[in-house]
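Have a look at the structure below before the remarks.
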């Protein structure tokens, strides 16, 4: 397919349009002028495109149900077109949450685009409001800021490229790193995929002549490396209290599943996020918010709490996570995913939801595969309060002892990837004199929030009655 | 609760007992030093941020230790900023007993980390832990650096410190033999 300047084109998913950036700027036909930059590019077949004379300065827009249009350029599109990224179309954002909320069928693909878009809005807002601080304390100049804007976009785009099938649900099956007990994480896989599968798409695009990025720079901002240098400051936009990932998934998940728990004023929050000097002690600047935006930040924290209790840690969703994990154990050679290294990384990339669903459908995933098909999930029989004290922990142990072998699984909110955790955010007030206080000093709701460390116990559905009887008997004895 | 989590909660209470009015940044960095410099198996996964190595799991455990009555955390406001002070609370013995074996085994490590780093301010702890993080990454990649090269790399991450100050802290850790990737300035790579 050939694209002429200014012409919109339909791509494989029917939602991608393209036009010449110049058209958008001045409405002119720019084929002649920009032909200097044209070069032939052979596209991979993944995008369904044929050989195409391609303009490196072309912009594209992708429709998004949350953000409207997401703009990408030719470099980003080349990365998106890689098979390793296209695989995200086949990984659901919320695993089997659709068995509770039927419309939860969206994928990591659209979320990744949304995170890139949100991270860019945050970056631009921070630079606009805190440019002087960034220049003074992190020695940025205009070129440095432009370069790291690109770095943040690419890191945000690729932060989830290492997800296993069904996202977080099967992460327990990541292999151990070295001889210790520490396991690889999806960030390790993302970094390895960037350094290997995506290296050429990142480093060889002509637009990289402006930045000179190595794949390692981007991988470092996602994984554990230090190659990002001062740009580690932006890691909070990728993985932090107010990161673009969280902002996007709360709203996107709410939109798709039809709940309102995860909604907050994204635009207000974006306009409020700033870099602030943390204190008189000469510590590093940190992301925070202006005082005027504290209600938006409060809403973000509350949205996270509601989504956790109502969706991510819903007892039935958690039950299906257990079945999925056990089914995957049956399906995976050695009962674990291949490592993010060498030939094993390529093997890992062959795993996606489609493959797993196919194998479950063929009956190869054992008892737990059958349970998923038949919707015969484990039943929650007991849970501690959301904030579990040592007294609650003692009672949990007593209940477990009473239930004995009837307990088939125990799941803790603390182990959940979506766990709520620390909720404080620095707020900068400029009334009279600059002063930084935690969000909990502004919001009584946040001040009163404690981390959810709830524990759920599960039994087989057939044992539910017997289990209830034992718990009742235990309570009567008390 | 897993044995590992019990051990971590007990460790946090023990640190709070050893160092009165411990700051939250200090707890984070002391846990990092315990795990990295003394191989105490706390099971945290630290990632480098501009404010040094960080794992949200430490804050999560602080929160649980507080819910269990082992510690109490107080927000302290001061001119221009704020911090959190962590102190032992009424049920500290009960929480510590959850990981009593672990505390017994690693008691000398806890004592050591508080003696070595307990009196540093937050900014210095952020810098010192960043130096150790960069050093360990270099050592893992089998990259040998001179002290100046290491300081240069750290300065790229934390440019708000002066280079002489970073070099001074590298020298301090070198003197205590806590760095692994260093080579002599005139040596071969």
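Quick note: the coordinates plus some simple rules give every number you see, no bench work behind them. Quantities reported herein were computed from a predicted structural model and do not represent experimental measurements. Virtual Cβ from ideal backbone geometry, glycine too; neighbours counted across all protein chains shown.
Given R0 = 60 Å, the distance between the Cβ atoms of residue A:472 and residue B:163 translates into a calculated FRET efficiency of 0.30. From most to least packed by mean Cβ count within 10 Å, the peptides A:161-167, B:178-184, B:137-143, A:176-182 give A:161-167, B:178-184, B:137-143, A:176-182.
The long axis of helix A:244-257 is offset from the longest Cα principal axis of chain A by roughly 70 degrees.
For chain A, the 222 nm mean residue ellipticity estimated from helices alone, with every DSSP H stretch of n ≥ 4 adding -39500 (n - 2.57) and the total spread over all residues, rounds to -13000 deg cm²/dmol.
The alpha carbon gyration tensor of the protein assembly as shown gives principal lengths a ≥ b ≥ c with a/c of 1.5 or higher and a/b no greater than b/c, which makes the shape oblate. Computed as a quarter of the hull surface, the mean projected area of the alpha carbon convex hull for chain B stands at 11.2 nm². Across the stretch B:123-175, the mean sequence separation of Cα contacts (distance under 8 Å, 6 or more residues apart), normalised by length, yields a relative contact order of 40 percent.
Site pair residue B:171 and residue B:78 shows an inter-label distance of 2.7 nm when each label is modelled 7 Å from Cα along Cα→Cβ. Here the Gaussian network model covers chain B, with springs between Cα atoms less than 10 Å apart; of B:78, B:49, B:32, B:78 fluctuates the most. If R0 equals 30 Å, the separation of the Cβ atoms of residue A:364 and residue A:105 corresponds to a calculated FRET efficiency of about 0.80. Volume per residue for the stretch A:345-405 equals 172 cubic angstrom (convex hull of Cα atoms).
In terms of the Cα gyration tensor, with a ≥ b ≥ c the square roots of its eigenvalues, is the stretch A:186-288 rounded because a/c is under 1.5, prolate because a/b exceeds b/c, or oblate? It comes out oblate by the Cα gyration axes.
Where Rh is the Kirkwood radius over the Cα pairs of the stretch A:75-377, the temperature 4 °C and the viscosity 1.567 mPa s, what D in µm²/s does Stokes-Einstein return? D = 64 µm²/s. Peptide A:387-393 has a mean of 5 when you count, residue by residue, the C-beta atoms of other protein chains within 10 Å of its C-beta.
Axis angle, to the nearest 10 degrees, between helix B:163-175 and the longest C-alpha principal axis of chain B: 70 degrees. Label sites at residue A:430 and residue A:410, each approximated as a point 7 angstrom past Cα along Cα to Cβ, lie 5.2 nm apart.
Beta bridges per DSSP, both residues in chain A: antiparallel share near 95 percent. Annotation: peptides A:188-197, A:378-387, A:395-404, ranked by per-residue average of other Cβ atoms within 10 Å with the highest first, follow the order A:188-197, A:378-387, A:395-404.
Sorting B:112, A:351, A:417, A:234 from the fewest to the most surrounding beta carbons within 10 angstrom yields A:417, B:112, A:351, A:234.
Taking all Cα pairs closer than 8 Å and separated by 6 or more residues, the relative contact order of chain A comes to 13 percent. Among the residues of A:217-225, the average count of other protein chain beta-carbon atoms within 10 Å of the residue beta-carbon is 2. Approximating the spin labels as points 7 Å out from Cα along Cα→Cβ, the residue A:344-to-residue B:112 distance works out to 3.1 nm. Considered as an equivalent ellipsoid built on the Cα gyration tensor, the stretch A:249-309 has semi-axes of 28, 11, 9 Å, the largest given first. For the stretch A:88-129, no residue has its backbone nitrogen under 16 Å from a point 7 Å from the Cα of residue A:265, taken along Cα to Cβ.
Straightening the chain between residue A:181 and residue A:143 buys 9.4 nm, computed as 0.36 nm per residue apart minus the Cα-Cα spacing. Relative to the longest principal axis of the Cα atoms of chain A, the long axis of helix A:294-307 lies at roughly 50 degrees. Here the average projected area of the convex hull drawn through the C-alpha atoms of the stretch B:123-175 stands at 3.2 nm². Listed by Cβ neighbour count within 10 Å, with the fewest neighbours leading, A:321, B:148 appear as B:148, A:321.
The mean count of C-beta atoms from other chains within 10 Å of the C-beta of residues in B:39-50, rounded to a whole number, is 5.
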